[in-house]
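Here is the structure we will look at, set down as structure tokens.
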Amino acid sequence: MNQLEMHIDIIVVKTIANDMRRCLESLPKSELGIAMGNFPKGACGDTSLLLGAYLSECGFPNFNYIFGERGSQLDSSWTSHAWLAHNDLIVDITADQFVDMTDPVIVTKYSKWHQQFNTEDLGIADFRQWTGIGTHHLYQIYTKLKPLMNLNPSINI
């Protein structure tokens with residue numbers, strides 16, 4: 001893949017990420033359920049799994065779920081966060097839930113902010129393939145999101 005093709009891929013991924021964020025914000029909180037009802041606050045894990053599934057349908061199946069922690073529980077500065085990554089590309093549509101980040105959508109190859117976290121790669125970011133707990137509610141949310149998305153999920157890039 002040449003430099004121009006990679007640039008186009010990042011633009012498409014950013015378009016998909018922005019669209020997913022817009023769609024999640026447009027759904028009534030009651031349709032997002034308890035786990036995502038304060039979106040984006042506390043919704044990073046579920047959001048990452050939803051976005052990962054949609055990216056996969058759009059021809060980007062290799063995004064992984066990244067779990068990060070920073071701070072200390074001793075001084076109440078501990079926080080956790082989740083986002084997507086593929087190689088060195090970071091995709092995060094909920095970082096603005098934190099007071100030290102204002103960007104609602106991040107699609108970048110380097111993020112000093114994300115570097116603050118001690119991270120663990122938990123594998124493929126798609127709720128339909130997730131081996132962790134609690135994804136049953138994401139099927140309902142995804143069914144509501146997909147018709148709102150602007151891109152055709154059969155895009156093959």
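The values are calculated or read from the model by the stated rules, or taken from the named source; none is laboratory data. Just so we're clear, the structure is a prediction, and the values are computed from it rather than from any experiment. Don't worry about glycine lacking a Cβ; one is built from the backbone with ideal geometry, like all the others, and counts go over all protein chains shown. With ligands, DNA and RNA removed, areas are computed over all heavy atoms of the protein, side chains included. Shrake-Rupley method; radii C 1.70, N 1.55, O 1.52, S 1.80 Å.
Here are the numbers for the structure shown:
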{"item": "The range 18-26 - phi-based ³J(HN,Hα) in whole Hz, Karplus 6.51/-1.76/1.60, Gly and Pro as x", "result": "4, 5, 4, 4, 4, 5, 4, 5, 7"}
{"item": "Accessible area, probe 1.4 Å, largest first, for residues Lys109, Lys41", "result": "Lys41, Lys109"}
{"item": "Simple label model, 7 Å out from Cα along Cβ direction - Lys109 to Thr131, nm", "result": "3.2"}
{"item": "List Ser48, Ser30, Ser80, ordered by accessible area with a 1.4 Å probe, largest first", "result": "Ser30, Ser80, Ser48"}
{"item": "Phi to ³J(HN,Hα) by Karplus 6.51 cos²θ - 1.76 cosθ + 1.60 over the range 116-130, Hz, x for Gly, Pro", "result": "5, 8, 7, 10, 9, 7, 9, x, 3, 9, 8, 4, 6, 10, 5"}
{"item": "Computed helical MRE - 222 nm, the chain, DSSP H runs ≥ 4 contributing -39500 (n - 2.57), nearest 500", "result": "-11500 deg cm²/dmol"}
{"item": "Residue with peak Gaussian network fluctuation, the chain [Cα springs, cutoff 10 Å], from Met101, Met36, Met20", "result": "Met101"}
{"item": "GNM result for the chain, Cα springs below 10 Å: residue of Val91, Val99, Val12 fluctuating most strongly", "result": "Val99"}
{"item": "5 angstrom amide H check on Phe63, placed H, neighbours 5+ away", "result": "Ala125"}
{"item": "Residue of Trp78, Trp130, Trp113 that the Gaussian network model of the chain assigns the largest fluctuation, springs spanning Cα pairs under 10 Å", "result": "Trp78"}
